[in-house]
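Asker: Got a structure for you, written out below as structure tokens; questions coming shortly.
The values are calculated or read from the model by the stated rules, or taken from the named source; none is laboratory data. Quick caveat: nothing in here was measured; it's all calculated off a predicted structure. Reconstructed Cβ throughout: ideal geometry from the backbone, glycine too, with neighbour counts over all protein chains shown. SASA here: full protein model, heavy atoms, side chains in, ligands and nucleic acids out. Shrake-Rupley method; radii C 1.70, N 1.55, O 1.52, S 1.80 Å.
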There are 2 protein chains.
Amino acid sequence: MRRLPTSPGLDERGLQRALERLREVVRARGLKNSSVREIIARAALTYEGHFSIDDLVRGLRGDALVDAHPATVYRVLPLLVEAGLIEATLVSSKAGSRYERCFEREHHDHLVCTKCGTVVEFCFEAIEVLQRDLAERFGFELTGHVHELFGTCRPCKQSDKASGGATHGRAPSR
Amino acid sequence: MRRLPTSPGLDERGLQRALERLREVVRARGLKNSSVREIIARAALTYEGHFSIDDLVRGLRGDALVDAHPATVYRVLPLLVEAGLIEATLVSSKAGSRYERCFEREHHDHLVCTKCGTVVEFCFEAIEVLQRDLAERFGFELTGHVHELFGTCRPCKQSDKASGGATHGRAPSR
DNA sequence: TGACATAATGAAAACGACTTTCAACTTCAG
DNA sequence: CTGAAGTTGAAAGTCGTTTTCATTATGTCA
């Protein structure tokens with residue numbers, strides 16, 4: 001099992017490859033290119049870590065030159081998912097969808113501290129293998145999975161014991 | 001790995017034990033007993049398989065003698081979860097939460113056919129062990145997990161190949 | 001290059017799953 | 001039995017997301 005760094009956001013070269021991929025999908029679906037869509041794609045693909053639609057809109061609004069309407073972001077994100085550029089995650093999804101880049105990134109799952117919101121991204125090949133075995137055993141062709149582990153991280157466990165509830169640092173994101 | 005039968009709904013004796021457990025939680029939280037709450041608990045605990053809040057309300061409304069308001073169901077279900085009687089599942093959760101009984105039932109995860117909605121409930125101890133290892137390795141105390149596999153079941157795969165899209169039977173539940 | 005068909009966009013309304021508010025009704029300890 | 005406090009249904013409110021519609025942008029074909 002390995003811990004992966006939290007998504008660092010695509011650099012300019014990777015971004016160009018991603019946008020090219022997006023254009024392929026757009027073409028294949030008989031859609032038209034649009035600059036707003038690429039602005040949204042750029043924001044999503046260069047975002048560091050997990051993001052909500054709101055994060056993206058705020059980020060876009062913060063940039064004085066561009067300004068994408070939330071409804072448009074809602075329209076574009078599924079296309080980015082379809083293009084295999086980003087994917088939905090459960091992480092802290094109490095309210096609203098969350099996404100992260102998956103383009104040019106290794107598959108991984110999440111271990112989440114429910115006290116402070118810390119997220120460990122891990123890759124555990126042994127579990128992946130067992131999942132495939134299991135699906136095969138039941139005659140399923142596997143297309144995806146959700147695997148998220150919840151618990152209490154060591155610092156939270158300790159500060160819980162010490163102070164009876166106070167967290168050691170940042171609060172859960174939602 | 002083992003396949004489990006889909007939740008068959010509690011019999012009268014099990015139901016009584018569950019309601020007793022509920023009363024414990026109610027007492028512990030300084031709440032009062034209520035017949036409506038027990039009617040809802042009864043409906044949830046005897047429900048066969050996965051259910052949505054809407055399923056429950058409809059079921060309750062169908063019964064001429066009792067009639068629980070949706071808002072009340074929304075209030076009661078979290079209490080049943082807290083009492084360890086039911087738990088939330090992801091299964092086909094495109095719209096709205098879904099639950100299933102977990103009281104006096106073995107832990108299991110889900111393998112879901114995204115074409116026809118078939119759900120295989122499985123218990124795979126090897127994966128559970130690896131999950132615990134992983135959490136420990138990162139210093140987490142594990143409190144829960146979500147593990148759901150998505151794919152295409154054999155019948156769907158075959159009718160896909162044969163007819164180019166038609167399903168072999170029941171449609172996805174949502 | 002200009003014109004047309006069609007997709008994309010923003011704004012606002014609609015939607016749907018919940019949650020909250022509040023007045024009337026239970027429950028239960030004293 | 002009585003009062004304090006929890007519970008309920010009904011209706012209104014919240015919030016993420018989707019849809020509608022008029023306007024704007026894109027791309028193709030003369």
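Asker: Tell me which residues, restricted to the range A:119-151, are at the interface with another protein chain (Cβ under 7 Å from one of its Cβ atoms), under 20 Å from the mean Cα position of the chain (by Cα) and either open to solvent by less than 30 Å² (accessible area, probe 1.4 Å) or under 20 Å from B:Gly117 (Cα atoms) (or both).
Answerer: Result: A:Val120, A:Phe122, A:Phe124, A:Thr143, A:Gly144, A:His145, A:Val146, A:His147, A:Glu148, A:Leu149, A:Gly151.
Asker: Then there's this: Just checking, which of B:Arg42, B:Arg27, B:Arg21 is open to solvent by 40 Å² or more (accessible area, probe 1.4 Å), within 16 Å of DNA strand D (Cβ to nearest atom), in contact with a Gly (Cβ under 9 Å, 6 or more places away or on another chain) and not polar (S, T, N, Q)?
Answerer: Only one candidate passes the filter, namely B:Arg21.
Asker: Quick check, is B:Leu111 closer than 26 Å to A:Glu136 by Cβ, crowded, with 16+ Cβ neighbours inside 10 Å and away from DNA strand D (no atom under 16 Å from the Cβ)?
Answerer: yes
Asker: Quick check on my filter: what residues within the range A:98-108 are under 10 Å from the mean Cα position of the chain (by Cα) and either in contact (Cβ under 8 Å) with a residue 24 or more places away in the chain or within 14 Å of DNA strand D (Cβ to nearest atom) (or both)?
Answerer: A:Arg98, A:Tyr99, A:Glu100, A:Arg101, listed by residue number.
Asker: Please list, ordered by first then second residue, the pairs with beta carbon atoms under 7 Å, 6 or more apart or interchain, first in the range A:18-37 and away from chain B (no Cβ under 14 Å) and more than 17 Å from A:Ala68 (Cβ to Cβ), second at pLDDT 95 or above and near DNA strand D (Cβ under 9 Å from one of its atoms).
Answerer: Filtered contacts from the range A:18-37: A:Arg23/A:Asn33.
Asker: Just one of A:Ala88, A:Ala68, A:Ala95 is within 11 Å of DNA strand D (Cβ to nearest atom) and part of a loop (DSSP other than H, G, I, E, B); which is it?
Answerer: A:Ala95
Asker: Next question, about the same structure. What residue, of B:Leu60, B:Leu10, B:Leu80, B:Leu31, is under 30 Å from B:His145 (Cβ atoms) and assigned to a helix (DSSP H, G or I)?
Answerer: B:Leu80
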